[in-house]
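Here the structure is laid out as structure tokens; the discussion comes afterwards.
Values quoted throughout were computed directly from the atomic coordinates according to the rules given, and no laboratory measurement underlies them. Computed from a predicted structure; not experimentally measured. Please note: Cβ atoms are built from the backbone with ideal geometry, for glycine as well, and neighbour counts cover all protein chains shown.
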Amino acid sequence: MYLSHKHIKQLYGIANHLREDVITMLEKAGSGHSAGSLGMADIFAGLYFGVLNHNPKKPLWSDRDRVVLSNGHICPVQYAALARAGYFPLKELETLRDFKSRLQGHPHRESLPGIETTSGPLGSGLSQGIGIALAGRMDHKKYQTYVILSDGEHDEGQTWEAVLLAGKLKLNSLTAIIDRNNIQIDGFTEDVLPLGSLHEKYEAFGWHVIDVDGHNIEDFINATYEAKAVYEKPTAIIAHTIPGKGVSFMERSYAWHGAPPSKEQARAALRELRTLGGKIRGENE
């Protein structure tokens with residue numbers, strides 16, 4: 001797919017806004033997951049603003065593409081993408097994790113427009129995505145189902161049962177997007193429970209597999225179009241990302257998997273993210 005230089009530049013700008021939103025949300029909430037949310041900002045920008053067939057004004061439109069967030073702890077970046085796409089007001093992002101907020105620490109299906117499934121326990125999202133994709137096939141729908149997974153949740157047996165089933169069913173409308181950032185809450189994935197080559201494993205289970213730089217939005221979008229052209233099997237896009245991307249003191253550190261920034265750290269992070277974009281909001285105004 002041809003993407004103009006202007007469009008690509010806009011998508012990177014959106015991704016940076018998503019990172020700013022994540023930092024602001026997590027600092028205000030005082031809890032939440034920084035590393036994965038920042039690391040997946042480019043993927044979410046590409047997905048919601050370059051790939052999906054969706055309508056924020058009609059979130060239950062029957063022909064919409066579906067997005068299942070299996071690793072629900074990175075929901076801050078999905079909330080930010082939904083808000084910036086027009087599903088709900090940006091101001092509501094400030095309520096992350098507040099009591100009775102629609103933006104809980106893990107997404108809840110019927111609480112917020114654009115959220116397809118409730119997630120929290122890792123390992124169940126791909127199974128849910130299979131059900132959604134299979135329903136689309138049975139109803140003769142054309143929508144695509146995208147399931148976002150962490151690499152760490154591949155420690156879960158249910159994930160591999162789902163990988164096996166999707167390959168058997170030849171669910172060509174199903175695309176798994178794997179955040180291969182090599183960290184989980186207890187350390188590096190290859191130290192906790194080595195995953196080896198996810199590419200070879202998915203291929204062995206009957207999937208078409210594409211590796212991409214998760215921070216190259218154009219390559220990611222092109223991978224989703226390649227996935228649509230594969231008619232005989234599901235596709236796995238393995239997105240190699242840097243946890244904490246964009247904030248130097250968070251990058252590649254598993255200590256930030258489930259930690260929010262302090263007020264001072266948030267200000268430092270925002271300064272870094274806005275180096276090319278101007279001053280800190282509220283500072284010297």
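Computed 3J(HN,Hα) for region 14-19, one whole-Hz value per residue from the Karplus formula 6.51 cos²θ - 1.76 cosθ + 1.60 where θ = phi - 60°, is 5, 4, 5, 4, 4, 5, glycine and proline marked x. Give me the base-10 log of I(q)/I(0) for the chain at each q in 0.08, 0.13, 0.15 Å⁻¹, Debye formula, one uniform scatterer per Cα, rounded to two decimals. Result of the Debye calculation: -0.30, -0.84, -1.14.
Distance check, please: which entries in Lys91/Lys245; Lys6/Lys58; Lys201/Lys233; Lys168/Lys233 exceed 19 angstrom between their Cα atoms? Over 19 Å Cα-Cα: Lys91/Lys245; Lys6/Lys58. Taking every C-alpha pair closer than 8 Å and separated by at least 6 residues, the mean separation divided by the residue count of the chain gives a relative contact order of 23 percent.
With R₀ fixed at 51 Å, the C-beta to C-beta distance from Lys168 to Ser31 puts the FRET efficiency at about 0.80.
Highest mean packing comes first when the peptides 39-52, 253-266 are listed by Cβ atoms within 10 Å, giving 39-52, 253-266.
For the peptides 3-11, 29-37, 93-101, residues were scored by their other Cβ atoms within 10 Å and the scores averaged per peptide; the highest-first order is 29-37, 93-101, 3-11.
Counting Lys and Arg as +1 and Asp and Glu as -1 over every other residue whose Cβ lies under 10 Å from the Cβ of Thr117, the net charge comes to +1.
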